[in-house]
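Visitor: The structure that follows is given in the form of structure tokens.
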Amino acid sequence: AIDDDELWYILGRSDDTIKVAGKRIGPAEVESILVAHAQVSEAAAVGVPDSIKGEALVCFCVLERDANEDVDPSTTLRTSLATELKKKVASELGKALAPREILFVGDLPKTRNAKVMRRLVRAAFLGEKLGDTSTLENPGSLEEITRVAVTPSA
């Protein structure tokens, strides 16, 4: 990321790097844009296979508590919010890096230290073997990711 003084900052780790249409991006760059929205409290961005771009971004957002009460998963409001978030990411990072999907979940899988386990988010979304989940504080969150992955989204 580049700040107002044109200083460069490296966000995330190299093993988290996602390559979309030849452009490399760290998930933290995308997540910071998503959580800047008033209705989003947490976000996880992962790269998934894409036949055209190589990888595509899929983002999972946890809504602020007040927003969760007002926005049902099947409503137009949620579809509208997903569209708004996709446009926001595209405007800040470029159209090629717009997320393919924005999905809403009640929680993200985290370790006891509150670190989001993107590896498990990606595996659950793709229906792959999860591997070791013993460090998870909230393993039930993976079931929700699997469920929203197979539910048609906006």
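Each reported figure results from applying straightforward, stated rules to the coordinates on display, with no laboratory input. Computed from a prediction, not measured in an experiment: that's the story for all the values here. Virtual Cβ from ideal backbone geometry, glycine too; neighbours counted across all protein chains shown.
Visitor: With respect to the cross-link table entries 23/88; 53/95; 23/129; 87/115; 95/115; 53/115, which display a Cα-Cα separation exceeding 24 Å?
Guide: Cα-Cα > 24 Å for 23/129; 87/115; 95/115; 53/115; rest within.
Visitor: What is the gain in length, in nm to one decimal, between residue 79 and residue 1 on full extension, counting 0.36 nm per residue of separation less the C-alpha to C-alpha distance?
Guide: Gain on extension, residue 79 to residue 1, equals 25.3 nm.
Visitor: Please list, in order along the stretch 131-137, the HN-Hα scalar couplings obtained from phi with the Karplus expression 6.51 cos²θ - 1.76 cosθ + 1.60 (θ = phi - 60°), rounded to whole Hz, x for Gly and Pro.
Guide: 3J(HN,Hα) across the stretch 131-137, in whole Hz: x, 6, 10, 5, 8, 6, 7.
Visitor: Something else now. Please list, short to long, the whole-number percent of alpha-carbon pairs of the chain in consecutive 5 angstrom bins beginning at zero.
Guide: Final binned percentages: 2, 9, 18, 23, 22, 15, 8, 3, 1.
Visitor: I'd like the Karplus ³J(HN,Hα) series for the stretch 40-48: coefficients 6.51, -1.76, 1.60, θ = phi - 60°, whole numbers in Hz, and an x wherever there's a Gly or Pro.
Guide: Computed from phi, the couplings for the stretch 40-48 are 10, 9, 9, 8, 9, 10, 9, x, 10 Hz.
Visitor: Arranged from highest to lowest average of other beta-carbon atoms within 10 Å per residue, in what order do the peptides 54-62, 24-32 appear?
Guide: The densest-packed peptide leads the list: 54-62, 24-32.
Visitor: For the stretch 97-154, which semi-axes, largest first and in whole Å, follow from the square roots of 5 times the eigenvalues of its Cα gyration tensor?
Guide: Gyration-tensor ellipsoid for the stretch 97-154: 20, 12, 11 Å.
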